[in-house]
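Structure, as structure tokens:
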Amino acid sequence: MRHLLPLAVASLLNRRGTVLLTVLSIALSVLLLLGIERISKSAEDSFRSTVSSTDLIIGARSGPVQLLLYSVFRIGNATNNMSWQSYRELAAHPEVAWTIPMSLGDSHRGYRVLGTTADYFEHFRYGQKQPLALAAGERFDAVFDVVLGAEVASALGYQLGEQIVLAHGGGSLAVVEHADKPFTVVGILARTGTPVDRTLHVSLAGIEAIHIGWEDGAAPRRSDAVAAEAVAEHDLTPQTITAFLVGLKSKFGIFAMQRAVNDYSAEPLTAILPGATLQQLWELIGVADAALTLISACVVAAGLIGMLTVILTSLNERRREMAILRSVGARPGHIFLLMIFESGLLALLGCTAGLALFYTALGLLAPWANQAFGLYLEWQWPALREWTILAVICALGLLIGALPAWRAYRNALHDGLSIRL
């Protein structure tokens, strides 16, 4: 029995060309499965850490997911705005510790513009309650100052001091530019891996300034346009905002505050809990994640079936080998275990090679994934779930080896020694 494992290794080395291809196919399937698993986990962590320490998000009456999408992820548009008066009244509620008003609707070369206040830099948190930090420059102070997210600055090549022009509307709707009122880049935020990186930040006063004369929703006539130098003469207090983030003094008051907002009589509003709505949104998009996992599992199954095919194909060529082993004293059970050991070794080698490829790819691609997609692929030892996946693949390799092992077990001694014409 103790000689079976060295014998299995020697047998595999004797067929090293075929074995190498088999191990490579299993390794690539393991690489794909572990890669999708790690990317999925990283995406979920990044998704859930987009906003933290915010107790409520309040906006005009809409669905919870829609409110979360446009206020946090800058996806889509609000069906309506809420009045500044309502914001001031709710911000003055005794349970409210801080608020971050947000005004959306403009863009710059495909990136969304967020109008807000200095409270955004003071209170906004992401990840593990991490504050926003500046990689260069300073926060906005003047009306026409803009602070860029890291991706905006990197993708468009902007530096401090450059002037940029915002456009009215977002995406394909951004066809009218506020060319008469350019903004100056005064700061660039450090990378966060969140939608903050893809956002331009200006003051609420700046949003009001570029829309002076736009009260009817259309650009003012050239004769009625207000020059940038003259905006200080106007009241730049906003009339409406898109939504605002809320931090409460006590977590015990969250549901009471949410109920007060949903029952607010002045105008129809919606208050959502970011964590609960994020979970709801992740469940909606989790179908794609499950589909990718299923596809990678099918690839692993294909690799194992390929291993089975190789072993079964080699059985006819190895009948004389098995017969010689039987003739020198090996019992049928030994032949059975030898084939099991071979298939198990192939699966183990495939998993080991796949793990090595996975960490090599992780080391090479992690910086690029973080830069391009905001995915932080941390270099760490496999988690319990990943070890479980590897153990299951090895166990399946042993199980699949039972079929050729049974066929070898059934081969009679004279079948291997007889000559077939």
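None of the figures in this text is laboratory data; all of them are computed from the coordinates on show. These numbers come from a predicted model, not from an experiment. Note that we place each Cβ from the backbone using ideal geometry, even for glycine, and neighbour counts take in every protein chain shown.
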Note on the range 56-272: contact order normalised by length, alpha-carbon pairs under 8 Å, 6 or more apart, percent, works out to 33
Distance in nm between label sites at residue 239 and residue 141, each 7 Å beyond Cα in the beta-carbon direction?
3.2
Environment charge of residue 187, counting only residues whose C-beta is closer than 13 Å and scoring Lys/Arg +1, Asp/Glu -1:
-3
Sites residue 119 and residue 260 - FRET efficiency at Förster radius 22 Å, r taken between beta-carbons, to 0.05
0.55
Protection proxy (average C-beta count within 10 Å per residue), highest first, orders 243-252, 62-71 as 62-71, 243-252
Could I have the simple spin-label model distance between residue 352 and residue 155, label points 7 Å from Cα toward Cβ, reported in nm to one decimal?
4.4
Row for the range 90-132, column shape: gyration tensor on C-alpha, a ≥ b ≥ c, rounded if a/c < 1.5 i.e. under 1.5, prolate if a/b over b/c, else oblate; value oblate
Taking a ≥ b ≥ c as the square roots of the eigenvalues of the Cα gyration tensor of the range 56-272, is the shape rounded (a/c under 1.5), prolate (a/b larger than b/c) or oblate?
oblate
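Quick check for me: using +1 on Lys/Arg Cβ and -1 on Asp/Glu Cβ, what's the dipole size of the range 56-272 about its Cα centre, in debye to the nearest 20? Could you put the intermediate results ahead of the total?
Working: 16 positive and 22 negative charges, 187 e Å.
In total the dipole reaches around 900 debye.
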Order 378-390, 77-89 from most to least packed using the mean count of other Cβ atoms within 10 Å.
77-89, 378-390
